[in-house]
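The structure under discussion appears below in the form of structure tokens.
The values are calculated or read from the model by the stated rules, or taken from the named source; none is laboratory data. Please read all numbers here as calculations on a predicted model, not as lab measurements. No Cβ is skipped: glycine too gets one built from the backbone with ideal geometry, and neighbour counts run over all protein chains shown.
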Amino acid sequence: MFFIGKKLYSEKVGLIAMFLLAIQPKHIEYSATLFKDNLYVFFFLLAFFLMILAIRENKRYVWIMSGIALALSFLTRYFTIALIITAAIMLILERKKINLRYAGLGMAAFLLVLAPWALYTYNEFGSSFFSITKYYPFAKEGWEGMSYESEPPKISEYLQENSVLDLIKVRLSLIPLTIYHLPIWMTPLIFLLFILVFALKDAYSKYLKIYFVIFILLYMVQFASPSQFIERAYFALMYASLVPIAFVLAKISDSGGGWKIKLDGKKILSILLAIILVTSIMLLQWKIKDIKSYDMQERQESFAKIGRSISANTEKDAVIMTIYPAEVHYYSERKTVMDPYGFAREIKGVNPADYKNRAKEEGEYYGADYLLSDLKQGEAKETYFAFSLSLAYSDEEHQLYLYKIRKIV
């Protein structure tokens, strides 16, 4: 972040951008996780920076490095397609300034880095960029489920299942929700300063605005749902925005010149940074309080006990249906699948009864052998009416019950 700010603007801008990143609550929180988004953001920023540098300096090695960085970003997260589209627009807008032969070398480097993975996935799945995860963001009541398909999803089949007009209406209705969430997980003042970035006309800000529009459109089409806001999808956008935001703050601190600010610029900068720091600390404290209020330690001990029981008393190829697939898989070393009904019960405003049949379909599809639920036997048998259940293990203290699925009817 410092290097990008220093190279494109000044050392002062780089320092401010680095500071803004360091105090972001979400950056602090997610920097301690193993989400692929952390690696994706690094390659994204590197690719974005190198593309601008390639256009500005027109050097062969920079074009090649930008192609490699763009490919690594794409391999880390397919949503880099938004940056690829931005890069194509950048090349069109700056076609008179660039060396097309060097740009071609950058494209060749991009394709060469992608080639091994593309060939592998084609051999395994019949598609160069096949993902086994298929999302259903348009289902009623905001349910966003996940299943695994043996064949690549086809857009023609998707459009047959969903009215194009309905899809457009749903996407448009989600725009206010997306805008509402942005300042909640970003420092509010940084969100306001991000709006000011749209007034800047330098190359970095211009390309950032192009990326912003493309990103929002693709996000609304692919990911957004009425039930949730996928904040990690916005990491790259937020981090990339910190550099021009730092430029705005640096200009305010310098004052004078074209800005014609009569107030003391240094005092204004100090006040702004103080507000950013305070709001960041407040948001971080709120997040820590939220985490502490969710006492997972005892539940983890229960998962460990159930996991040991599952390992000792089930076949190695047993399939467990649960709303805690990661924890149960970790402790039991068994295959786990998501329980749609149980998950729907956790979503506010959703009627879980609508997903009872979905639970049956998932159970049949994956061949579920066991069900882990917080429902007692009588309620579980009534709720999962398609499952013939018998109690295999219970933890009354933590209200976790493991049922053997004898058959699905």
Q | Flag for T314 being buried (at least 17 other Cβ atoms within 10 Å of the Cβ), in contact with a His (Cβ under 9 Å, 6 or more places away or on another chain), within 21 Å of S388 (Cβ to Cβ) and not hydrophobic (A, V, I, L, M, F, W, C) | A | no
Q: Output the number of the condition that F387 fails; it satisfies all remaining conditions of (1) surrounded by fewer than 19 Cβ atoms within 10 Å (Cβ to Cβ); (2) under 17 Å from L402 (Cβ atoms); (3) among the hydrophobic types (A, V, I, L, M, F, W, C).
A: (1)
(Q) Need pairs with beta-carbon distance below 6 Å; first residue closer than 15 Å to L21 by Cα and assigned to a helix (DSSP H, G or I) and within the range 266-283, second of a type in the set (V, I, T) and modelled with pLDDT of 70 or more; sequence gap 6+ or separate chains. (A) L277/I23; S280/I23
Q.
When you scan the range 100-107, do you find a residue that is outside any helix (DSSP H, G or I) and modelled with pLDDT under 90, even just one?
A. no
Q: Would you please name the residue that is farthest from Y403 (Cα to Cα), looking only at residues in the range 308-338 that are touching a Ser or Thr at 6+ places or on another chain (Cβ under 7 Å) and either assigned to a loop (DSSP other than H, G, I, E, B) or aromatic (F, W, Y) (or both)?
A: E333
Q) For the range 8-46, what are the residues that are of a type in the set (S, T, Y) and assigned to a helix (DSSP H, G or I)? A) Y30, Y40
Q: Filter the range 56-83 down to residues that are modelled with pLDDT under 90 and among the β-branched types (V, I, T) and give me whichever is farthest from Y207 (Cα to Cα).
A: T76
**Q.** In the range 180-205, the residues that are more than 18 Å from L20 (Cβ to Cβ) and either surrounded by 17 or more Cβ atoms within 10 Å (Cβ to Cβ) or modelled with pLDDT under 80 (or both)
**A.** Y180, H181
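In the list Y401, Y341, which residue meets the criterion of being closer than 20 Å to Q300 by Cα, aromatic (F, W, Y) and either free of Cβ contacts under 8 Å to residues at least 60 places away in the same chain or in a loop (DSSP other than H, G, I, E, B) (or both)?
Details: Y341 fails: closer than 20 Å to Q300 by Cα.
Matching residue, one of Y401, Y341: Y401.
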Q) How many of the residues in the range 390-409 are under 16 Å from E362 (Cα atoms) and more than 36 Å from the chain's Cα centre (by Cα)? A) 3
(Q) Could you tell me how many of the residues in the range 12-35 are surrounded by fewer than 17 Cβ atoms within 10 Å (Cβ to Cβ) and either of a type in the set (G, A, S) or farther than 14 Å from L249 by Cβ (or both)? (A) 8
